[in-house]
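Take a look at the structure below.
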Amino acid sequence: MAQNYLERAGFQFISPEPASREDLLLVHTEEHIHKVEQGDFHDPDCPRYPDIHTYAALSVGGAIAAQQREGFSIMRPPGHHAGPDFLGGFCYYNALAVAVRRSKLDTLIVDIDGHHGNGTEAIVSGESGLAYISLHRMYNYPGTGQASHGNCLNFPLPPRSGKEMYLDTLEKALAQAGGGFRQLAVSAGFDAHKDDPLASLGLEIEHFFDIGFLLGDLALPTFCVLEGGYIPEIMGPSIEMLIRGLEEAGKTRAEKP
């Protein structure tokens with residue numbers, strides 16, 4: 001549904017190649033990869049779909065392609081709950097983290113999904129040249145991200161926070177992260193939408209434009225990877241608003257004397 005909407009909006013698509021085992025090993029342990037390949041895991045939030053490894057590796061390939069092209073990967077399954085040796089929340093491999101590691105660039109990761117990206121935090125915590133920002137609903141799945149530590153900046157927000165609180169918090173988070181990064185990687189979940197049943201933070205579709213504008217104002221090469229979002233009809237418009245916000249920030253900078 002999201003792809004059909006975005007194609008009508010004029011966006012172009014490419015088909016990625018699956019990530020290689022070498023790519024996956026940049027982030028995940030050999031044991032973890034083997035468990036996903038064999039379906040040898042037990043997690044109520046990660047169904048053991050037939051051949052899930054193939055689909056998850058293809059999703060990682062989409063993130064790699066997005067990083068190389070400064071694009072947006074709409075591949076699923078998502079990834080930000082998958083850590084070096086664990087999975088969760090429908091996440092098997094951490095696509096965004098693989099793409100960041102593979103790039104070898106100092107990277108600011110901003111996670112706008114309504115859930116905390118515990119897997120991404122576990123991967124990047126303490127790693128030089130990387131910083132992780134997460135804005136998420138407090139006291140929600142997976143129960144992590146209640147405080148910041150080191151290079152991982154967590155901002156738990158109350159349900160129905162709304163645009164003003166969200167954008168003020170994002171501005172504060174970006175200032176706290178500082179500069180010196182060579183790229184921006186966005187874990188783009190849309191379950192912060194006001195009608196989402198699992199992680200709503202009271203945002204409207206058009207507010208994702210404002211989020212994109214703030215992020216675009218950082219003037220960094222940017223790529224995005226789709227994470228959560230559980231209202232199919234808002235996904236395409238929300239993705240478009242985020243991208244348009246990123247683009248508009250670039251145009252505004254170019255027009256300044």
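All of the numbers you see were taken from the coordinates with simple rules; none came from a lab. Just so it is clear, the structure is predicted and the values come from calculations on it, not from any experiment. Heads up, the Cβs are rebuilt from the backbone with ideal geometry, glycines too, and the neighbour counts pull from every protein chain shown.
When the Debye formula is applied to the Cα atoms of the stretch 2-252, each taken as the same point scatterer, what base-10 log of I(q)/I(0) results at q = 0.12, 0.15 Å⁻¹?
Results for the stretch 2-252 at q = 0.12, 0.15 Å⁻¹ read -0.61, -1.01.
Which FRET efficiency value, to the nearest 0.05, do you get for K104 and E248 by plugging their Cβ-Cβ distance into 1/(1 + (r/R0)^6) with R0 = 25 Å?
My answer for the efficiency is 0.25.
Which of the chymotrypsin sites (Phe, Trp or Tyr not before Pro) found in the stretch 133-230 are in a DSSP loop and have at most 10 neighbouring Cβ atoms, other than their own, within 10 Å?
Y139
Under the rule of at least 5 residues apart or a separate chain, name every residue whose amide H is placed under 5 Å from the amide H of D106.
R182
Given only helices, namely DSSP H runs of n ≥ 4 each adding -39500 (n - 2.57), what is the per-residue ellipticity at 222 nm of the chain, to the nearest 500 deg cm²/dmol?
After summing the helix terms and dividing by the residues of the chain, the value is -12500 deg cm²/dmol.
In nanometres, what is the gap between the two model label sites at K163 and H42, each 7 Å from Cα along Cα-to-Cβ?
Reported label-point gap for K163 and H42 is 4.8 nm.
Return the percentage of antiparallel bridges among DSSP beta bridges fully within the chain, rounded to the nearest 5 %.
Details: 2 of 26 bridges.
Taking every DSSP beta bridge with both residues in the chain, the antiparallel ones total about 10 percent.
If you average the C-alpha positions of the stretch 56-98 and of the stretch 208-230 separately, how far apart do those two centres end up, in angstrom?
16 Å
Can you list the HN-Hα couplings for the stretch 192-198, worked out from phi with the Karplus curve (6.51, -1.76, 1.60; θ = phi - 60°), rounded to whole Hz and with x for Gly and Pro?
7, 4, 4, 9, 5, x, 10
Amide H neighbours of I133 under 5 Å, at least 5 residues apart or on other chains, H built in the peptide plane: list them.
The answer is I109, V110, D111, L153.
Kindly identify the stretch 113-187 as rounded, prolate or oblate by the Cα gyration tensor criterion: order the square roots of the eigenvalues as a ≥ b ≥ c, call it rounded if a/c is under 1.5, otherwise compare a/b with b/c, prolate if a/b is larger, else oblate.
In terms of gyration-tensor shape, oblate.
Putting +1 on Lys and Arg Cβ atoms and -1 on Asp and Glu Cβ atoms, find which of F41, G114, L170 reaches farthest to the positive end of the dipole of the chain.
Going by the charge dipole, the pick is L170.
Between Q176 and E204, what is the label-point separation in nm under the 7 Å Cα-to-beta-carbon projection?
Inter-label distance under the simple model: 2.8 nm.
What ³J(HN,Hα) values, in whole Hz, does the Karplus curve 6.51 cos²θ - 1.76 cosθ + 1.60 give for the stretch 28-40 when θ = phi - 60°, with x put for Gly and Pro?
Ordered by residue, 3J(HN,Hα) equals 9, 6, 4, 5, 4, 4, 4, 4, 5, 4, 8, x, 9 Hz.
Using amide H atoms built 1.01 Å from N in the peptide plane, name the residues 5+ places from E70, or on other chains, whose amide H lies under 5 Å from its own.
Residues meeting the amide H criterion: none.
If you keep only loop residues by DSSP, which trypsin sites (Lys or Arg not before Pro) in the stretch 133-237 have at most 12 other Cβ atoms within 10 Å of their Cβ? Before the final figure, lay out the partial values.
Details: sites: R137, R160, K163, K172, R182, K194; in loops: R160, R182, K194.
Loop-located and lightly packed - R160.
Sort 239-248, 7-16 for me by packing, meaning the mean count of neighbouring Cβ atoms within 10 Å per residue, highest on top.
Output ranking for 239-248, 7-16: 239-248, 7-16.
Work out the length of the dipole vector of the stretch 1-146 about its Cα centre, built from +1 on the beta-carbon of each Lys and Arg and -1 on the beta-carbon of each Asp and Glu, and round it to the nearest 20 debye.
I would put it at about 380 debye.
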